[in-house]
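The values are calculated or read from the model by the stated rules, or taken from the named source; none is laboratory data. All of these numbers come straight from a predicted model, not from anything done at the bench. Here the Cβ positions follow ideal geometry from the backbone for every residue, glycine too, while neighbour counts run over all protein chains shown. Ligands, DNA and RNA are excluded from the accessible area calculation, which covers all protein heavy atoms including side chains. Shrake-Rupley method; radii C 1.70, N 1.55, O 1.52, S 1.80 Å.
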Amino acid sequence: ECTRAFEDVRGLLQHCQETGHKPFYDPRDEGAQQAEEEVFSSYVNGVLARAMSEKYAKWGREYIDPATATEPTDRQGRSLGVTIYQAFSCEFGFVKPKGGAKAHLALTVDLRAKLIRSQSVLDALYDGRDPNTYTLNRQEQDRAKRELIGETVIYKIDKKCYSVVGFRFEHSANSLPVEGLLIGGKPVSHAQYFQERKHIGLQFPGARPMVEVLGRRKQTIFLPAELIC
């Protein structure tokens with residue numbers, strides 16, 4: 001459970017003496033057996049994944065540091081409508097030099113970029129109109145269904161991806177209750193849920209529609225359109 005790393009065995013043993021930790025393998029113990037390479041690489045990659053998850057946000061197979069977010073602009077200083085994150089994946093593996101030399105552990109890091117539209121689904125649906133006062137007509141609702149159902153959206157808070165399966169144009173985050181959730185015997189709206197459970201205050205809690213997406217175990221959930229891109 002310790003994620004500390006050491007340059008040599010001496011540093012490892014000194015750490016163990018000071019903290020009471022015990023190494024998995026002590027080369028001074030003649031009766032001990034060294035782990036197989038596959039077992040050891042699986043262990044260190046598990047430790048690496050745990051340490052990375054504690055410090056960074058996971059997005060797909062990569063990790064991102066939200067502090068690295070940048071919003072590029074064109075030559076006139078206008079936003080290009082995307083936010084770019086530095087993303088990277090890393091993995092330990094054994095490298096075997098030529099000539100039969102002993103294999104050593106090496107860390108491979110791949111650098112990438114992750115992009116997310118800065119324009120939310122709500123922005124796209126209302127196209128500059130005020131979601132608090134404007135009501136989407138039947139033609140605009142039909143166009144939204146044609147263009148977005150079946151598409152993949154990204155939840156801006158945790159960067160998870162979902163497939164759009166429908167819309168509730170008759171409901172907003174204020175009016176649609178969270179299925180199966182009661183507080184004091186009363187239903188809880190999605191706006192209340194995000195405020196009290198997620199600590200996210202919606203900018204347009206009364207805006208319609210709510211977006212129906214496919215969640216875990218093929219169950220559908222509803223997300224406010226302002227929180228997905």
| said: Looking at 57, 67, 32, can you tell me which residue is within 30 Å of residue 207 (Cα to Cα), exposed (fewer than 13 other Cβ atoms within 10 Å of the Cβ) and either modelled with pLDDT of 90 or more or among the aliphatic types (A, V, I, L, M) (or both)? | reply: 67
| query | So which of 149, 200, 157 ends up being among the hydrophobic types (A, V, I, L, M, F, W, C), in contact with a strand residue (DSSP E or B) (Cβ under 6 Å, 6 or more places away or on another chain) and within 27 Å of residue 129 (Cβ to Cβ)? | reply | 149
| request: Quick one: residue 112 ticks every box in (1) farther than 29 Å from residue 61 by Cα; (2) in a strand (DSSP E or B) except a single one, so which number is it? | output: (1)
| So, in the range 73-103, of the ones that are touching a helix residue (DSSP H, G or I) at 6+ places or on another chain (Cβ under 6 Å) and hydrophobic (A, V, I, L, M, F, W, C), which residue ends up surrounded by the fewest Cβ atoms within 10 Å (Cβ to Cβ)? | 94
| field | Filtered residues of the range 41-52 (kept if open to solvent by less than 80 Å² (accessible area, probe 1.4 Å) and either in a strand (DSSP E or B) or closer than 16 Å to residue 2 by Cβ (or both)) | value | 44, 45, 46, 47, 48, 49, 51, 52
| Tally time: how many residues in the range 105-114 are among the basic types (Lys, Arg) and open to solvent by 90 Å² or more (accessible area, probe 1.4 Å)? | 1
| Which of (1) in contact (Cβ under 8 Å) with a residue 12 or more places away in the chain; (2) under 18 Å from the mean Cα position of the chain (by Cα) is the odd one out, the single condition residue 160 does not satisfy? | (1)
